[in-house]
Amino acid sequence: MRADIENGGILVVMIKKEDMLKDLDSYINRQVVVFKDRYDMNGTYAEVKKDEAEFLGETGPYIIIHIKKYGQSLYKRVVYLKVGNYIAEIYAFAGDELSAKQMIDAISKIEE
């Protein structure tokens with residue numbers, strides 16, 4: 001699923017089946033390395049960090065990626081939900097970190 005947001009950001013939801021998944025934290029740690037390697041291979045500067053924040057009423061890990069290319073910045077915030085053998089990855093793309101956070105926070109408000 002993909003949605004363009006009024007402020008020029010993009011919201012993407014992907015659901016993956018992960019049969020060998022041990023725990024969400026291990027999966028996210030692996031994703032940090034995958035993101036960094038992917039951008040390094042493309043010759044794009046990317047700062048990739050793992051952090052924690054509240055999402056849907058619970059504190060959990062997320063990844064924030066700051067990409068700088070051609071003099072422009074792009075922020076990608078990714079939150080993860082695990083249900084059984086499935087992982088939902090919710091991506092918010094925006095021109096600044098606050099806008100990416102606000103897009104993710106909007107999902108929590110829908111749930112309320």
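Per-structure values
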read-out: Residue, surrounded by the fewest Cβ atoms within 10 Å (Cβ to Cβ), within segment 18-29, restricted to residues that are modelled with pLDDT under 90 and outside any loop (DSSP other than H, G, I, E, B); value: Ser26
read-out: Any hit, segment 40-47, residues being in a helix (DSSP H, G or I) and touching a Phe, Trp or Tyr at 6+ places or on another chain (Cβ under 6 Å); value: no
read-out: Count of residues meeting criterion [in a loop (DSSP other than H, G, I, E, B) and open to solvent by less than 80 Å² (accessible area, probe 1.4 Å)] in segment 60-112; value: 5
read-out: Members of segment 30-40 found to be surrounded by fewer than 13 Cβ atoms within 10 Å (Cβ to Cβ) and within 19 Å of Gly71 (Cα to Cα), listed by number; value: Asp40
read-out: Check on Glu47, open to solvent by 70 Å² or more (accessible area, probe 1.4 Å) and in contact with a His (Cβ under 6 Å, 6 or more places away or on another chain); value: yes
read-out: Qualifying residue in segment 79-92 (condition: of a type in the set (Asp, Glu) and at pLDDT 85 or above); value: yes
read-out: Odd one out for Met14 among (1) of a type in the set (A, V, I, L, M); (2) surrounded by 14 or more Cβ atoms within 10 Å (Cβ to Cβ); (3) in contact (Cβ under 8 Å) with a residue 24 or more places away in the chain; value: (2)
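The values are calculated or read from the model by the stated rules, or taken from the named source; none is laboratory data. Every value quoted in this text rests on a predicted model; they were computed, and no experiment measured them. For neighbour counting, all protein chains shown are included, and Cβ atoms are generated from backbone atoms with ideal geometry for every residue, glycine included. In case anyone asks, the SASA skips ligands and DNA or RNA and just uses the protein heavy atoms, side chains included. Shrake-Rupley method; radii C 1.70, N 1.55, O 1.52, S 1.80 Å.
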